[in-house]
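Taking it in order: structure first as structure tokens, then the write-up.
The values are calculated or read from the model by the stated rules, or taken from the named source; none is laboratory data. As the structure is a computational prediction, the values presented were derived from the model and not from experiment. With ideal geometry, Cβ positions are generated from the backbone for all residues, glycine too; neighbour counts draw on all protein chains shown.
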Amino acid sequence: MRKIALLIAMFLVAPQAAHATSGPGCLIVVNVESWDVLNMRARPSASSRIVDQLEPGNHGIIHLDRECAPLSLPWPQRWCKVSHYNGDDVTRGYVKARFVRDSDCP
């Protein structure tokens, strides 16, 4: 019994790598010219610091971390909290909802 409790405690405390999952919950960049980029922001504001730039059609995996908000605004005006997985790099931030669409995660 002690071994089981110890194993459970180790699992709960051990750091877990962040990975995107397969299935629904990912996004693709839309409404951005092929020569331009979608800026990912540190906070849900156009004046917030840029933390990453997402190229249309060449952006790795963009995972939707929670529902785009605020729900009181029309879809194009909402901000989406996302994680961007690009190789071994993971960036977290916000993108404007009008520039992304639902997609299955690879």
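Looking across the stretch 52-88, the residues that are closer than 23 Å to W35 by Cβ and of a type in the set (D, E, K, R) come down to D52, E55. Could you please let me know if D102 is acidic (D, E), closer than 20 Å to W35 by Cβ and not in a loop (DSSP other than H, G, I, E, B)? Here the answer is no, as D102 does not meet what is asked.
Hey, could you check the stretch 52-74 for residues that are aliphatic (A, V, I, L, M) and touching a His at 6+ places or on another chain (Cβ under 9 Å) and say which is surrounded by the most Cβ atoms within 10 Å (Cβ to Cβ)? Per the criteria, the residue is I62. Being touching a residue at least 40 places away in the same chain (Cβ under 8 Å) and at positive phi is the filter here, so list the residues in the stretch 23-81 that pass it. Passing the criteria: G23, G25, N31. Within the stretch 23-44, take every residue that is within 17 Å of the chain's Cα centre (by Cα) and loosely packed, with under 11 Cβ neighbours inside 10 Å and give me the one that is farthest from R98 (Cα to Cα). Looking at residues that are within 17 Å of the chain's Cα centre (by Cα) and loosely packed, with under 11 Cβ neighbours inside 10 Å, I get G23. Pick out the one residue from R43, R78 that is modelled with pLDDT of 95 or more, touching a Pro at 6+ places or on another chain (Cβ under 7 Å) and not aromatic (F, W, Y). So the residue among R43, R78 that is modelled with pLDDT of 95 or more, touching a Pro at 6+ places or on another chain (Cβ under 7 Å) and not aromatic (F, W, Y) is R78.
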